[in-house]
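Structure first, then comments.
The values are calculated or read from the model by the stated rules, or taken from the named source; none is laboratory data. The structure displayed is predicted, hence computed values, not measured ones. Neighbour counts run over all protein chains shown; Cβ positions are idealised from the backbone, glycine included. Surface accessibility is based on the protein's heavy atoms, side chains included, excluding ligands, DNA and RNA. Shrake-Rupley method; radii C 1.70, N 1.55, O 1.52, S 1.80 Å.
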Amino acid sequence: MRPMRSEHAEDRSRVGEREVDCTAETKGEAMSDETATHERPATTPQRDDGVGDRHAPDKSPRTANQEDGKVTRRAEVSNLEIVHHYFDRAADRLELADDIRAVMLSAYREVQVQVPVKLADGRIHVYSGYRVQHNGARGPYKGGMRYHPEVDLDEVRALAALMTWKTAIVNIPFGGAKGGINCPADKLERDELQKITRSFMSKIDKVLGPTRDIPAPDVNTNAQVMAWMMDEYGKTHGHTPACVTGKPIALEGSYGRESATGRGLVFMFREAAPQLGLKAEETRVVVQGFGNVGAWAARILRQLGCRIVGVSDANGSLHSEAGIDVDALHEHLREGGTSNDFEGEGVESIGAEELMELECEVFIPAALGGMIHADNADRLNCKLVIEGANSPTTPKADEILNDKGVFLIPDVMANAGGVVVSYFEWVQNLQHFRWDEREVNDKLGGIMRRAYRQVKERCSDDVPPRVAAYEVGIERVVEAAQTRGYI
Ligand code: NAD
């Protein structure tokens, strides 16, 4: 085994102060097969704005998120910078050598394709599709597909790296990947989405497959999108259900997959609650982002006896001290209603920033990245944050919450429930054998509890759960890469 000591570890705590040897040539050599798609070298952005230094201000929030003051503003610190910052902190503590860091920080393969599509307006629109395979030392690449106008190569890189650490922390045999298309999914017709999905899949299927890279749903993609992907993949490769996960039940999807990420957050709550003296029936919860993850987490927590006093989505925020009937809200949204026109006992509409200030025991960010930042972290009024979204907390906000004594369960562990049940779906597909929902949920609970306890063992006054989790993940990936002789 090579030494993990870094000569400059103490100088590397700030984003932008690393050197990554990742030229086009070195990436080309690392590839084991040919692809016809356009592949670009990974680059590490250089920053000089002091992320990690809490005295330097966050950049101004993204204008895309400021419409009508309805939607919470996000910090303009990118997800990639957030993920690299947390990686560096853990890598410093592990005294990881510089050359090993360079391998761990850069992606194995990055694919960008053009997705031209004729939409209902009769015009051809050109979107960009991405797939980044970050690290496959521990198994086939695994990660979601996101459809959102803000999807770009850096965002996908960040999310792919996060998947590498996540699959390692929960100890399932996958590497990390992510993909997406920069299309406005919420403004497109179903037929248009299908065309875009098929066009994208037909261009990247060469780098995918059950033993190579297995996509899953993420923001604005769902079981239907996975079904189209599987069908398109099958045109060239034959019927291959294990090529994607998060499929509909009718197409060899797994019971329990849709609820898995939200349920995983609840397992985290159940582990942390005794430590923090919380009892479900006395716990008030606020959920930011009432989509797949947030709605399932809210509904299962309510079944446990928690009171959901605030929820929000892209259209608005709701508050009720008596507790929001989140099952009724879920049904209302499913039937085409919006959060703005939902009525319930004591339910009032509030501003997005107000939602973040609501007094509660548990705050669950389950929308997009960077929502908890230097400008609003101090206003959070909770004891426990369980990160459902990926990278919802900027490094500065993380420090502020830590100083306030808020206990935070990080994304890399907390929201791993989805990929764990994706793993179960892949296993079931390979065996052509289906487990019932109870078996899926029980096995999910076992893995989430084990991950929580292993990370907790690493925690101390100086080592918060996020750093401990990254340490566990990085160690496992480095060990796998070294043992198989990749590095
Ligand atoms: P989704 O599209 O189903 O839900 C996202 C929700 O966030 C929607 O209700 C949307 O209206 C809301 N939203 C968007 N912008 C908002 C804003 N500014 N303020 C408040 N709400 C806003 O997506 P999802 O699958 O639930 O994913 C949510 C997050 O969880 C993402 O960060 C995703 O990467 C992460 N995640 C998802 C999974 C999964 O299995 N789906 C797994 C791990 C992590």
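Okay, here's what the table says:
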| read-out | value |
| --- | --- |
| Test result for residue 391, crowded, with 22+ Cβ neighbours inside 10 Å, under 25 Å from residue 101 (Cα atoms) and polar (S, T, N, Q) | yes |
| Residue count, the range 105-134 (criterion: hydrophobic (A, V, I, L, M, F, W, C), open to solvent by 10 Å² or more (accessible area, probe 1.4 Å) and closer than 26 Å to residue 190 by Cβ) | 5 |
| Residue match in the range 424-447 (condition: within 16 Å of the ligand (Cβ to nearest atom), open to solvent by 30 Å² or more (accessible area, probe 1.4 Å) and in contact with a helix residue (DSSP H, G or I) (Cβ under 8 Å, 6 or more places away or on another chain)) | yes |
| Qualifying positions in the range 87-100 - of a type outside the set (A, V, I, L, M, F, W, C) and open to solvent by 10 Å² or more (accessible area, probe 1.4 Å) | 89, 92, 93, 95, 98, 99 |
| All positions within the range 371-391 that are touching a residue at least 60 places away in the same chain (Cβ under 8 Å) and either under 15 Å from residue 412 (Cα atoms) or in a strand (DSSP E or B) (or both) | 384, 386, 388, 389, 390, 391 |
| Residue satisfying condition, being at positive phi and within 11 Å of the ligand (Cβ to nearest atom), within set 289, 305, 323 | 289 |
| Residue in the range 331-344 that is touching a helix residue (DSSP H, G or I) at 6+ places or on another chain (Cβ under 7 Å) and in a loop (DSSP other than H, G, I, E, B) present | yes |
| The listed residue being open to solvent by less than 10 Å² (accessible area, probe 1.4 Å) and over 21 Å from residue 427 (Cβ atoms), out of 225, 244 | 225 |
| Residues located in the range 159-179, provided they are touching a strand residue (DSSP E or B) at 6+ places or on another chain (Cβ under 9 Å) and not in a helix (DSSP H, G or I) | 172, 174, 175, 176, 177, 178, 179 |
| Those residues of the range 385-415 which are within 16 Å of the ligand (Cβ to nearest atom) and either acidic (Asp, Glu) or closer than 15 Å to residue 217 by Cβ (or both), in sequence order | 387, 388, 389, 390, 411, 415 |
| Only one of 139, 144, 122 that is small (Gly, Ala, Ser) and within 26 Å of residue 392 (Cβ to Cβ) | 144 |
| Hits in the range 187-222 - residues which are open to solvent by 40 Å² or more (accessible area, probe 1.4 Å) and within 21 Å of residue 140 (Cβ to Cβ) | 202, 203, 206, 211, 212 |
| The range 313-349, subset buried (at least 16 other Cβ atoms within 10 Å of the Cβ) and hydrophobic (A, V, I, L, M, F, W, C), residue nearest to the chain's Cα centre (by Cα) | 314 |
| Any chance residue 468 is open to solvent by less than 20 Å² (accessible area, probe 1.4 Å) and within 16 Å of the ligand (Cβ to nearest atom) | no |
